[in-house]
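Working notes, beginning with the structure itself.
The values are calculated or read from the model by the stated rules, or taken from the named source; none is laboratory data. These numbers come from a predicted model, not from an experiment. A quick note on method: Cβ atoms are made from the backbone with ideal geometry, for glycine too, and the neighbour counts reach across all protein chains shown. Each accessible area value is taken on the protein alone, full model and side chains, heavy atoms only, with ligands, DNA and RNA left out. Shrake-Rupley method; radii C 1.70, N 1.55, O 1.52, S 1.80 Å.
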Amino acid sequence: MFRRHSSDRPVDAAHRLAGGRLSLEIAGGSVVGHRYPENFDVLHVDPELPLAVVADGMGDGEGSRVAGTTAVNTFVAQVRAGWPAVDARELRAATAETQLRVRQAGAALAGLTGCTLTALVAEPDGGQGWLVQLGDSRAYRLRDGLLELMTVDHTMAWLGVLHGWWPATSPEAARARYQLLRYVGHPDKPEPDVLAVPLRTGDTWLLCTDGVSDQLGYHRLRDLLAARRDPAQTVGALLSATLAEGGDDNATAVVVRVHPTVPTPR
C-alpha cells in the first residue's frame, strides 16, 4: 500500500470535448513517487479547449517549481488568447512567450529555473492535432495496437544513441540521460518541435513525464493503454504501475481517447 502525498493530483473523472466529427475524452493525474518530497511535475487538462499540457521541473528546488508552474500557466494562457487559431506559427509564438516568462521568473532565483513542456492541442474542427515539445517528457500514440513514440527526447543520451556514439544501455548513455539540450528556460531560447498529427477515431494518446516512461517499458505501456478502461481508469493504472515499479520520480500522465462525435438528435 503506497502512502498518498498531499501534492499528488488525484485522477479526476474523464470529460469529453467535441469538435467537428471527433470528440476527445481526456483525463490526467500525477503522483509524487518516492524520490522527492514534493511534486515538481505540473499538469493541465483544459476544461473547455481540447488542450493538455505536462511539464517536469528540472531538479528539486524552487526554480523547478517556479519553472513548471510558470510554463504551463503561460502556455495555456497564450493558446486560449489565440483561440480558435491553432497552427505552427501560433504555437511557436506561445512557446516563445513561455520561454520569456520562465527566464524572467528565474532571474531572481539562485538555482536553475527550467522545465520540460509537452502539449497536445486539437484544431477546433477536431481533424488535426498539434504536438509541442521541449525536453524529455513524451507523447505516445496507440493506433491499431501499435504504440508509437511521437516525440524526441532533447537529451544528450538520445543524440548519442542516434549518432552511434554509444549503445542505448551503456553507462555513457545513462550518464547523459539527464543532460537536456533543449528545455523551457534555456538561456539560448531553443525552438520547440511543433508537429502536426492527424487525429483518428480509436486513437489513444498519452502525454507523460519521464517518471512514467522511465519506469514502464514499451510493452507495459502498450498493455495498460490498450486495456478497455476509460481514460481516468487508465491514468490511475499507469500511475499505480510507476509506484509498483519503485516510484523513482514524480510521475504525471494524461490519456486522450478519440471518439466519433455523436450527432445531436433533432
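With respect to (1) among the acidic types (D, E); (2) surrounded by fewer than 24 Cβ atoms within 10 Å (Cβ to Cβ); (3) closer than 12 Å to G114 by Cα; (4) at pLDDT 95 or above, the lone exception for E62 is condition (4).
Conditions tested, residue by residue: (1) over 21 Å from L120 (Cβ atoms); (2) free of Cβ contacts under 8 Å to residues at least 40 places away in the same chain.
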site: D214; (1), (2): no, yes
site: R220; (1), (2): yes, yes
site: R229; (1), (2): no, yes
site: T242; (1), (2): no, no
site: A251; (1), (2): no, no
site: H259; (1), (2): no, no
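Taking into account only those residues within region 27-62 that are free of Cβ contacts under 8 Å to residues at least 60 places away in the same chain and outside any loop (DSSP other than H, G, I, E, B), which is farthest from the chain's Cα centre (by Cα)? Going through the qualifying residues, I end up with E62.
The residue that is farthest from R65 (Cα to Cα), among those in region 232-255 that are of a type in the set (V, I, T) and in contact with a helix residue (DSSP H, G or I) (Cβ under 6 Å, 6 or more places away or on another chain), is V255. The condition of being among the hydrophobic types (A, V, I, L, M, F, W, C), out of contact with any Asp or Glu (no Cβ under 9 Å at 6 or more places or on another chain) and farther than 28 Å from E90 by Cβ holds for only one of L224, L216, L207, L195, that being L224. Within region 116-175, the set of residues being β-branched (V, I, T), under 22 Å from L17 (Cβ atoms) and in contact with a helix residue (DSSP H, G or I) (Cβ under 7 Å, 6 or more places away or on another chain) comprises V121, V132. Those helices (runs of 4 or more DSSP H) of region 155-256 in which 2 or more residues are surrounded by fewer than 21 Cβ atoms within 10 Å (Cβ to Cβ) occupy 156-162, 171-176, 218-226, 231-244. Of all residues in region 75-95, those satisfying the criterion of being assigned to a helix (DSSP H, G or I) and either among the charged types (D, E, K, R) or out of contact with any strand residue (DSSP E or B) (no Cβ under 9 Å at 6 or more places or on another chain) (or both) are A77, Q78, R80, A81, G82, R89, E90, R92, A93. For V76, the test of being open to solvent by less than 50 Å² (accessible area, probe 1.4 Å), touching a Leu at 6+ places or on another chain (Cβ under 6 Å) and modelled with pLDDT of 95 or more is failed.
Would you pick out the residues in region 17-30 that are within 18 Å of L225 (Cβ to Cβ) and either surrounded by fewer than 17 Cβ atoms within 10 Å (Cβ to Cβ) or polar (S, T, N, Q) (or both)?
Keep residues of region 17-30 that are within 18 Å of L225 (Cβ to Cβ), which gives 24-30.
Result: S30, single match.
So that you can scan it fast, the table gives a plain yes or no per residue for (1) closer than 21 Å to L146 by Cβ; (2) modelled with pLDDT of 95 or more; (3) not aliphatic (A, V, I, L, M):
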| position | (1), (2), (3) |
| --- | --- |
| L207 | yes, yes, no |
| R220 | yes, yes, yes |
| D223 | yes, yes, yes |
| R228 | yes, no, yes |
| L238 | yes, yes, no |
| A241 | yes, yes, no |
| E245 | no, no, yes |
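Has region 58-68 got at least one residue that is over 26 Å from Q179 (Cβ atoms) and either touching a Leu at 6+ places or on another chain (Cβ under 8 Å) or of a type outside the set (A, V, I, L, M) (or both)?
Step one: filter region 58-68 for residues over 26 Å from Q179 (Cβ atoms), giving none.
Within region 58-68 (the criterion being over 26 Å from Q179 (Cβ atoms) and either touching a Leu at 6+ places or on another chain (Cβ under 8 Å) or of a type outside the set (A, V, I, L, M) (or both)), the answer is no, since none of the residues qualifies.
Check region 153-176 and report whether any residue there is free of Cβ contacts under 8 Å to residues at least 12 places away in the same chain and under 30 Å from W83 (Cα atoms). No. Would you mind stating whether G33 is at pLDDT 90 or above, touching a helix residue (DSSP H, G or I) at 6+ places or on another chain (Cβ under 7 Å) and open to solvent by less than 50 Å² (accessible area, probe 1.4 Å)? Taking the combined requirement at face value, the residue does not satisfy it. With respect to the conditions (1) farther than 30 Å from T261 by Cα; (2) touching a residue at least 24 places away in the same chain (Cβ under 8 Å), E97 lacks only one, and its number is (2).
For region 96-136, the set of residues classified as open to solvent by 50 Å² or more (accessible area, probe 1.4 Å) and assigned to a strand (DSSP E or B) consists of Q128 only.
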